[in-house]
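Only one structure is covered here, and it is reproduced in the block below.
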Amino acid sequence: MKIVLDKRLKEIKIFKPEIFKDFRGEIWTKWEKKFLKKTKFNLSKFTTSKKNVLRGFHGDQKSWKLVSCIKGEVLNVVVDYRKSSKNYLKYSSFILNDKNKKSILIPPNFLNSWLCLTKDCIYSYDYYFKGNYNDVKNQISIKWNDAKINFKWPIKKPILSSKDNLAISTSGYKLLLNEYLD
């Protein structure tokens, strides 16, 4: 397994596994404890999506997320949401798919979003957090096409959840941001 730090957001780790293939199929390692000494995952989730589903910019202040696409292909975007960071609202983007089998480790105070690029996809989340999980009701949601983030998605009208349709822009979070980072 090879681990690389993202060139733009150094806090993001990219896990590139070695893949064994033979006539039966493939096997690879998603993560190894020796590379994740500070994290002890305590929740794992999967989501299925069809082409053009965009899952918005979501995050919280305490969850580490190890994400990967185990079927199909997604365009994954990670945004630094730490107000005190010199990289505040800067992003990195990645193609995750069932061929490259990459996983991305996303720290707390970063937002995650992704777009399904293929007919369908299965996206995997492994979470590490202390205390209770910040489920949907306690996460920050930023508009998928936020002007300050300014990520150029390859789609004009994605399929969005009602939560993502109602998400507000980063400028609308000025008051909430101070509470979020305290």
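The values are calculated or read from the model by the stated rules, or taken from the named source; none is laboratory data. If you're wondering where the values come from, they're calculated on a predicted model, not measured in any experiment. Cβ sites come from the backbone with ideal geometry, for glycine too, and all protein chains shown count toward neighbours. Just so you know, the surface numbers come from the protein's heavy atoms only, side chains and all, with ligands and any DNA or RNA stripped out. Shrake-Rupley method; radii C 1.70, N 1.55, O 1.52, S 1.80 Å.
In the range 6-32, the residues that are within 15 Å of Asn76 (Cβ to Cβ) form Cβ pairs under 7 Å with partners that are open to solvent by 70 Å² or more (accessible area, probe 1.4 Å) and basic (Lys, Arg), at six or more places apart or across chains, as follows: Arg8/Lys90; Leu9/Lys90; Lys16/Lys2. Residues in the range 110-141 that are more than 21 Å from Lys30 (Cα to Cα) and at pLDDT below 95: Lys130, Gly131, Asn132, Tyr133, Asn134, Asp135, Val136, Lys137, Asn138, Gln139, Ile140, Ser141. Of all residues in the range 148-167, exactly one satisfies the criterion of being open to solvent by 50 Å² or more (accessible area, probe 1.4 Å), closer than 21 Å to Pro108 by Cβ and at pLDDT below 95, namely Lys163. Apart from one condition, Asn87 fits all of (1) out of contact with any Leu (no Cβ under 7 Å at 6 or more places or on another chain); (2) open to solvent by less than 60 Å² (accessible area, probe 1.4 Å); (3) assigned to a loop (DSSP other than H, G, I, E, B); (4) polar (S, T, N, Q); the exception is (1).
Only one of the numbered conditions (1) open to solvent by less than 70 Å² (accessible area, probe 1.4 Å); (2) touching a residue at least 24 places away in the same chain (Cβ under 8 Å); (3) within 20 Å of Ser169 (Cα to Cα) is violated by Gln61, and that is (1). Among residues of the range 43-57 being aliphatic (A, V, I, L, M) and modelled with pLDDT of 95 or more, the one that is most open to solvent (accessible area, probe 1.4 Å) is Val53. Applying the set (1) surrounded by fewer than 18 Cβ atoms within 10 Å (Cβ to Cβ); (2) over 13 Å from the mean Cα position of the chain (by Cα) to Leu117 leaves exactly one unmet item: (1). Candidates in the range 120-147 are the residues that are of a type in the set (Lys, Arg) and surrounded by fewer than 17 Cβ atoms within 10 Å (Cβ to Cβ); of these, the one that is farthest from Lys37 (Cα to Cα) is Lys137. Pairing each residue of the range 99-111 that is hydroxyl-bearing (Ser, Thr, Tyr) with any residue that is open to solvent by less than 10 Å² (accessible area, probe 1.4 Å), provided the two are 6+ apart or on different chains, yields C-beta distances under 7 Å for Ser103/Phe15; Ser103/Leu66; Ser103/Val67; Ser103/Ser68. Of the residues Leu75, Leu105, the single one that is open to solvent by less than 50 Å² (accessible area, probe 1.4 Å), part of a strand (DSSP E or B) and either farther than 21 Å from Thr39 by Cβ or of a type in the set (Phe, Trp, Tyr) (or both) is Leu75.
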